[in-house]
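Where a number appears in this text, it was derived from the coordinates with a stated rule and is not lab data. Bear in mind the structure is a predicted one, so any value in this text is a computation, not a measurement. Using ideal geometry, Cβ is built from the backbone for each residue, glycine included, and neighbour counts are taken over all protein chains shown.
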Amino acid sequence: MRLATLAPSGWDARIAFPVQSVGFAEAARALGHRPLFAEDDRGMALVLIRRVAIPFLAGWTARAKVYAHACDASFLAELVDLVRGLGASHVKLGDSIWGSAAEWPEDRREVRRVAYDVLLHDLASDTEILARARRPIRRNIRKATAEVTVAEVRTGADLRDYLFLTEQTGRRMRTRDVAAVYPASYFEALLREMVPRKQAVLFIARADDAPLAGGAFLISPQRFVQIHGCSTRDRALTPKQGPTAVFWHAMRRARAEGCAVFDMGAVTPTADPAHPHYSVYEYKKLWGGRLAKIESTELVLAPWKHRFQSVVLAPMWDRLHPLYLGLFGDCPRRAVAGGSVPVAELPGASPVLALSGHEQHP
């Protein structure tokens with residue numbers, strides 16, 4: 001096995017989920033990661049390395065995230081050793097989007113199991129989805145039908161509206177000490193690299209020309225997964241129920257794509273109204289999905305470096321990561337035959353779906 005900076009030929013045809021794709025690797029560059037590709041006859045993995053690229057600090061700040069698809073546990077063990085050789089003090093095998101419950105010897109002190117809560121919906125029919133939803137959701141879907149349209153983000157104007165909502169949402173989250181930095185280049189990469197390959201889709205809800213809410217989703221034959229959401233807090237617009245319109249549209253699109261499960265993303269089950277994630281959990285619960293666990297694994301590879309990161313760097317991260325992304329985030333346009341693809345020229349725009357009474361209740 002070796003780690004390569006360029007994906008082997010035909011890489012995307014062999015991946016198990018879009019988080020292992022070349023396009024997702026390019027989007028990760030915008031978040032300060034450097035992607036590497038690992039593959040042999042036992043499995044394949046996208047490895048994302050992040051470090052502060054400053055002399056001295058580089059060796060003490062390297063961390064890794066791994067999205068793997070392996071048929072043999074020895075693949076991950078060898079991969080972790082390679083990542084250790086790159087100086088990483090810590091490696092995450094999977095997250096709430098794509099887990100990795102690899103088997104490791106119980107006596108390895110550096111291993112920590114992590115389980116994420118997600119809300120899943122079985123996509124049987126529109127009627128059954130609505131039947132599971134609580135009354136406020138059904139009412140809000142009806143409310144949105146009169147004024148709200150949901151469309152794919154395809155053009156530069158669409159992206160500007162989406163980023164406008166992202167900035168509003170980020171400001172609200174930061175007031176609650178929740179990190180929320182997604183640079184424009186991250187979404188540009190999703191649009192340029194993943195949307196044309198039907199690995200991802202972004203939606204935006206509007207009332208007339210006013211953007212209300214948006215969402216980014218990954219697409220696979222098995223799951224349709226939310227990875228980002230944003231919305232307005234303009235009190236004149238929030239009663240139009242933009243987020244509900246986006247989720248309803250996304251669920252129906254997932255069924256049209258043949259997906260078996262709609263994944264609303266990670267949640268934090270809590271009954272504490274003061275918790276920063278309480279309102280999100282309470283809202284998503286109203287849709288009537290089932291709670292499930294996605295398991296992942298974390299390994300501490302260099303205890304002293306990891307302790308330095310935890311004690312010194314982590315407390316400063318919420319304030320400094322915008323600066324970090326400005327200095328080290330990178331999302332170059334991928335070199336392809338014919339050049340790079342501008343957002344405004346992305347092919348295959350889908351028609352706008354205007355919610356109607358008939359579409360709510362087939």
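Taking the Cβ of each residue in K65, K284 as the centre, tally the other Cβ atoms inside 10 Å and list the residues starting with the fewest.
K284, K65
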Ranking W60, W248 by Cβ neighbours within 10 Å, fewest first, what do you get?
W60, W248
Low-density loop cleavage sites - trypsin sites (Lys or Arg not before Pro) in segment 97-169, where at most 15 other Cβ are within 10 Å (DSSP)
R108, R109, R134
Taking neighbour Cβ counts within 10 Å as the exposure measure, how do F24, F37 sort from fewest upward?
F37, F24
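Quote to one decimal, in nm, the extra length available between E282 and D234 on full extension: 0.36 nm per residue of separation minus the C-alpha distance between them.
Working: separation 48, 0.36 × 48 = 17.28 nm, distance 2.06 nm.
Working it through step by step, the gained length comes to 15.2 nm.
Give me the extension gain from A73 to D209: residue separation times 0.36 nm, minus the current Cα-Cα distance, reported in nm with one decimal.
Going from the current span to full extension adds 43.8 nm.
Given the Cα-Cα distance of D117 and L291 and 0.36 nm per residue of separation, how much length would full extension add, in nm? Don't jump to the answer; show the numbers that get you there.
On the way: separation 174, 0.36 × 174 = 62.64 nm, distance 0.65 nm.
Result: 62.0 nm gained on full extension.
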